[in-house]
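To keep things clear, I will list the structure first and then write my remarks on it.
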Amino acid sequence: MNTLSSQGRSVKTVLVILLIAILLDKFLIAPLAPAVSGLAGIDPMLVILDIPLGLPTPCGLLPVTGLFIFLYYILIIPYHSKDRHAWKAAKARLRTVTTGVLAVPSCVISSGLIWMTFEDRFPRQIRNAIGSFGINADIYTAVPGYERIRLNGSMVMLAGFFIGLYIFFLKMRSAARILASEAMRSAAAAAAAESLRSARPGRETVRQARTAVKASEAMGSMAEEVMQPAPETVRPAAATRISSARVSVILPPPRNVLTNSEPR
C-alpha cells in the first residue's frame, strides 16, 4: 500500500469528519445544550490588513472533539473482527489522528497566550505590524472573570497554526503507516489461512489414493486366490468324497447263488 496515497485519503477523511462535527455542534448541540458548548469555545478570525473575518458563532471545543472522536472511531472500527491486533491498530489510529487534530488549535492558542504575555515588551510599531496580518481568536470559558479571552497574536498565531499543521501532517503519516502495516498483516494472515485450506484437501486426496491402492491390491490378491486354487487343497477333498461314495454302495449278490437256492 502506498503511504502517500493513504495519507492523502486519511487527511480528506479527517477534514470531512471535522466539518461534520462542527456543523453538528453549530446546528444541533449549541441550540439544544448551550451550556455544553459554552464550557470551552473558540472563535478564530482571519485578519487581513486589520480587518477580522471570523465565524458567525464560536465553535465548542469539547463537543466538536467528542463528536470527532465518536464519528472517526465509528468509521474505522473493525466490524466482525475478533482479532485483537485489529482493535489495537484502530485505537492507535484514533489516538494518533485525535492528537494531530488537537495539535492545531493547541498550537494556535499557546502561541496567542505567549504573545499576550510578552506583548507589552515590544514597541508599538512592531505590535501594529504583527497585528495587521495573521490569525486572532476569542476564547470562551466558563471560568468566572475569564469568560472571554481575546488573543491578538496575528502573525505569531499564524506561525503557531503552521506548527500545529506540521504536527498534524506528521500524525497523519503515522496513521497511514499504522493502516499500511495492519493491511499487510491482514493480507499475510489471509494468505496463510488460504494456504492451509488449500493444503488440507491435498492431504486428504493423498490419503484416499493410498487407501484405494491398498484396497485394489487386496482385491487383486483375493481374485488370484479364487481363480487359481492350490491343487493340494482340492485333491484331498476329492479323495474323501470318492472313498465315502465307495463305502456307501452295496453290491448285489451273484446271480448263480440266487438260482441255486430256489427249490425245484
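What follows is calculated from the coordinates using simple rules that are stated; it is not laboratory data. What you see is a predicted model; the values in this text were computed from it and never measured. All Cβ positions, glycine included, derive from the backbone under ideal geometry; neighbour counts span all protein chains shown.
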Worksheet item: Points 7 angstrom from Cα along the Cβ direction at residue 129 and residue 49: gap in nanometres?
Response: 1.9 nm
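Would you please report the Å³ per residue occupied by the convex hull of the alpha carbon atoms in region 45-176? Intermediate results must be reported in sequence, preceding the final value.
Values: hull volume 17.5 nm³, N = 132.
Spread over its residues, the Cα hull of region 45-176 gives 132 Å³ apiece.
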Worksheet item: Between residue 24 and residue 191, what FRET efficiency follows from the Cβ-Cβ distance if R0 is 51 Å, with the result rounded to 0.05?
Response: 0.80
Worksheet item: Points 7 angstrom from Cα along the Cβ direction at residue 9 and residue 33: gap in nanometres?
Response: 3.4 nm
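Full extension from residue 75 to residue 92: what is 0.36 nm times the residue separation minus their Cα-Cα distance, to one decimal in nm?
Numbers: separation 17, 0.36 × 17 = 6.12 nm, distance 1.40 nm.
Difference between extended and current length: 4.7 nm.
Which shape class, rounded, prolate or oblate, goes with region 7-68 when its Cα gyration tensor gives a ≥ b ≥ c as root eigenvalues, a/c under 1.5 marks rounded, and past that a/b bigger than b/c marks prolate?
The shape class here is oblate.
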Discussion item. Please compute the length gained on full extension between residue 121 and residue 184, using 0.36 nm multiplied by the number of residues separating them and subtracting their Cα-Cα distance.
Written reply: 17.2 nm
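Give me the net charge of residue 54's neighbourhood, meaning all other residues with Cβ under 15 Å from the Cβ of residue 54; Lys, Arg count +1, Asp, Glu -1. Intermediate results must be reported in sequence, preceding the final value.
Working: positive: 26, 148, 150; negative: 43, 50, 138.
So the environment of residue 54 carries a net charge of 0.
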Item to complete: Find the centroid of the Cα atoms in region 33-86 and in region 90-131, then give the distance between the two in whole Å.
Response: 17 Å
